[in-house]
1. Collect residues whose amide H, placed 1.01 Å from N in the peptide plane, falls under 5 Å from the amide H of residue 8; neighbours closer than 5 in sequence don't count.
2. Assign unit charges at the C-beta atoms only (+1 for Lys and Arg, -1 for Asp and Glu), then state the dipole size of the chain relative to its Cα centre in Debye, rounded to the nearest 20.
3. For percent of Cα pairs over 19 Å apart, several values are listed as (1) 67; (2) 45; (3) 18; flag the one computed from this structure.
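Coordinate-derived values only; no laboratory data. A quick note: this is a predicted structure, and the numbers were derived from the prediction, not measured. As a convention, Cβ positions derive from the backbone with ideal geometry for all residues, glycine included, and neighbour counts pool all protein chains shown.
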Amino acid sequence: MSITTLAWDEEALKRLEKIPSFVRPMAKSKIEQAAIAAGESCVTVAFMDANRAKLMGS
């Protein structure tokens with residue numbers, strides 16, 4: 001579980017909700033870890049789009 005919780009903008013949260021519930025916690029953690037590594041303070045749809053391949057394990 002993540003000690004640091006990042007802010008999420010409304011659109012990014014809506015996109016997160018579209019991820020199946022059984023993998024959503026893992027996806028959220030992976031997205032937050034990538035955002036922290038990139039120096040982001042807020043998860044945005046733009047960040048998710050720009051890092052989609054990396055986040056999907058490709």
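1. 43
2. On the way: 8 positive and 7 negative charges, 57 e Å.
It comes to approximately 280 debye.
3. Given (1) 67; (2) 45; (3) 18, the calculated one carries the label (3).
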